[in-house]
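The next block holds one structure in the form of structure tokens; read it before the comments.
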Amino acid sequence: MADSRSYSRRWTVIASALLCCGLGVVVLYTKRSAFFSPFAVVVVAAIGLAAVLLQLRFYNRGQSNPVHAPIWLNVLGVGFALIAFFADFLGLRWQMAEMMALGAIGSFAISSTMILHAFRKRRMPSK
């Protein structure tokens, strides 16, 4: 049992390190002016959501009652991000594109918060 737990933990650490490296590559090879763009913030938020979803996958491996991500919220966030990305082709004004990017970031943040709260709630002993 302990060997299985350490094996699972090892892959969690490796996956987390790869995501940190991906985020580091995005930050290192991006021009400073790009960070004023809402799209860069959406990319960073999406990488953060991917990290939480990967943590969720590893967490649920050993659970009899797994935690589920709010699919509708993630789909909503991806939809907002796609609309923000294709705002020029859709003929949207830049203010609307920024609102869509903010909606994507908000959806990803709320989804991640819900997942992490479920982790914490399961870890705490019931009174």
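The values are calculated or read from the model by the stated rules, or taken from the named source; none is laboratory data. Predicted model only: the values in this text are computed from it and were never measured. Don't worry about glycine lacking a Cβ; one is built from the backbone with ideal geometry, like all the others, and counts go over all protein chains shown.
Checked against (1) surrounded by fewer than 18 Cβ atoms within 10 Å (Cβ to Cβ); (2) more than 15 Å from the chain's Cα centre (by Cα), Gly48 passes all but condition (2).
Residue pairs whose Cβ atoms lie under 7 Å apart, sitting 6 or more positions apart in sequence or on different chains, and linking a residue in the range 76-96 that is within 13 Å of Phe39 (Cβ to Cβ) to a partner that is loosely packed, with under 15 Cβ neighbours inside 10 Å and at pLDDT 85 or above, are Ile83/Leu90; Ala87/Met96. For the range 68-108, taking the residues that are surrounded by fewer than 17 Cβ atoms within 10 Å (Cβ to Cβ) and β-branched (Val, Ile, Thr), the one that is nearest to Val42 (Cα to Cα) is identified as Val78.
Inside the range 109-127, residues that are buried (at least 18 other Cβ atoms within 10 Å of the Cβ) and hydrophobic (A, V, I, L, M, F, W, C) make up a count of 1.
Given the range 1-86, what helices (runs of 4 or more DSSP H) lie entirely inside it while holding 1 or more residues that are at pLDDT 75 or above and in contact with a Pro (Cβ under 9 Å, 6 or more places away or on another chain)? Spell out the reasoning first.
On the way: elements: 2-28, 38-60, 71-85.
In the range 1-86, 38-60, 71-85 are the helices (runs of 4 or more DSSP H) which contain 1 or more residues that are at pLDDT 75 or above and in contact with a Pro (Cβ under 9 Å, 6 or more places away or on another chain).
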